[in-house]
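The values are calculated or read from the model by the stated rules, or taken from the named source; none is laboratory data. This one's a predicted model, so the numbers in the text were calculated from it and none came from an experiment. Because the Cβ atoms are built from the backbone with ideal geometry, glycine has one as well, and the counts that use them run over all protein chains shown. The accessibility values were calculated without ligands, DNA or RNA, using every heavy atom of the protein model including side chains. Shrake-Rupley method; radii C 1.70, N 1.55, O 1.52, S 1.80 Å.
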Amino acid sequence: SNDYAIVYNKKAFEAAGVAVPDPTTPLTWPEVMDLAKKLTIKDGDKIKQYGLAANEWGKTEPNFNNLLQYLLSAGVDISMDDNGSVDFDKPEVRDYINMWVDGVKNNVGPNSVNNDQTSGGDLFFKDQAAMIIDGYWYSGAIRSNEGAKTHLADYGMLPTPIAPNGTRV
C-alpha cells in the first residue's frame, strides 16, 4: 500500500513554474519540503497556492503516523525492548520534527499556526494545493470529482518519499 504517496496537480506545478519530479524515483522527505516551498505561491501575505496539503482533512504539520513511516524508512526503531515506552530522543526524530516545523513556518500547507481550516482535498481540487499526501485510493476521489474527471491527465502520483539515505518501505 502506497499510503504516503504524493498525488500532484500538474496545473499547480505549471502555475509555480516548477517541473514535476520523475515519478519513478522516490524523493526524500526534505526534497518534498523543498519542492513544497517552491510550489507555494504568495501574493503579499496571502497564500494563493500551497505547495503541500497533508491529506484531505488534516493539517500540514508533523504527525505521529507520518513520523512512523519516516522512521521505518530510516531504519530507526523508537520502541523500547519491553514495548512499554518509546524513545523520541533520536536524531531522526528531531530531523523529522524540524523539517515539518520549517514547513509550517514557510506555510507550505494549512496548519495550526496559519489556522487555515480548508480541507486539503478542497484546496487540491481548486488548484490551490500542488500536492497532497494520500494513498493509492485517492485516484478514486480524483476520478469521481466533478471538476477533475474531465481532465484526469492533469493529475499524477509520486512514490512515497523516503527518509534521507532511507529505503523504500
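Restricting region 148-162 to residues that are part of a loop (DSSP other than H, G, I, E, B) and more than 13 Å from the chain's Cα centre (by Cα) leaves a set whose member that is surrounded by the fewest Cβ atoms within 10 Å (Cβ to Cβ) is Thr150. List the pairs whose first member sits in region 138-160 and is charged (D, E, K, R), whose second member is buried (at least 17 other Cβ atoms within 10 Å of the Cβ), and whose Cβ atoms are under 7 Å apart, counting only residues at least 6 apart or on separate chains? Once the first residue is charged (D, E, K, R) and sits in region 138-160, its partners that are buried (at least 17 other Cβ atoms within 10 Å of the Cβ) give Asp154/Asn9. Taking the criterion of being free of Cβ contacts under 8 Å to residues at least 40 places away in the same chain and among the basic types (Lys, Arg), the only residue of region 14-41 that qualifies is Lys38. Among residues of region 50-70 that are without any contact (Cβ under 8 Å) to a residue 24 or more places away in the chain and part of a loop (DSSP other than H, G, I, E, B), those with a Cβ under 8 angstrom from a residue that is crowded, with 20+ Cβ neighbours inside 10 Å and of a type outside the set (Ser, Thr, Tyr), sequence gap 6+ or separate chain, pair up as Asn63/Ala54. Scanning region 124-147 for residues that are of a type outside the set (A, V, I, L, M, F, W, C) and in a loop (DSSP other than H, G, I, E, B) turns up Lys126, Asp127, Gln128, Gly135, Tyr136, Asn145, Glu146, Gly147. Does Val113 satisfy the condition of being surrounded by fewer than 17 Cβ atoms within 10 Å (Cβ to Cβ) and touching a strand residue (DSSP E or B) at 6+ places or on another chain (Cβ under 8 Å)? Criteria not met by Val113. From the list Asn115, Asn165, the one residue that fits, being part of a loop (DSSP other than H, G, I, E, B) and in contact (Cβ under 8 Å) with a residue 60 or more places away in the chain, is Asn165. Please pick out the residue among Asp89, Asp95, Asp77, Asp81 that is of a type in the set (D, E, K, R) and in a helix (DSSP H, G or I). So the residue among Asp89, Asp95, Asp77, Asp81 that is of a type in the set (D, E, K, R) and in a helix (DSSP H, G or I) is Asp95. Filter region 85-112 for residues that are under 16 Å from the mean Cα position of the chain (by Cα) and without any contact (Cβ under 8 Å) to a residue 12 or more places away in the chain; which is nearest to Tyr155 (Cα to Cα)? This residue is Lys105. Answer yes or no as to whether Trp29 is open to solvent by less than 50 Å² (accessible area, probe 1.4 Å) and within 18 Å of Pro159 (Cβ to Cβ). Considered against the rule, which asks whether it is open to solvent by less than 50 Å² (accessible area, probe 1.4 Å) and within 18 Å of Pro159 (Cβ to Cβ), Trp29 comes out as yes. Within region 33-61, restricting attention to residues that are among the polar types (S, T, N, Q) and over 12 Å from Asn106 (Cα atoms), the residue that is surrounded by the most Cβ atoms within 10 Å (Cβ to Cβ) is Asn55.
Going by what's in this entry, would Asp3 be described as at pLDDT below 95, over 16 Å from the mean Cα position of the chain (by Cα), surrounded by fewer than 19 Cβ atoms within 10 Å (Cβ to Cβ) and more than 14 Å from Ala129 (Cβ to Cβ)? Spelling it out, it is not the case that Asp3 is at pLDDT below 95, over 16 Å from the mean Cα position of the chain (by Cα), surrounded by fewer than 19 Cβ atoms within 10 Å (Cβ to Cβ) and more than 14 Å from Ala129 (Cβ to Cβ).
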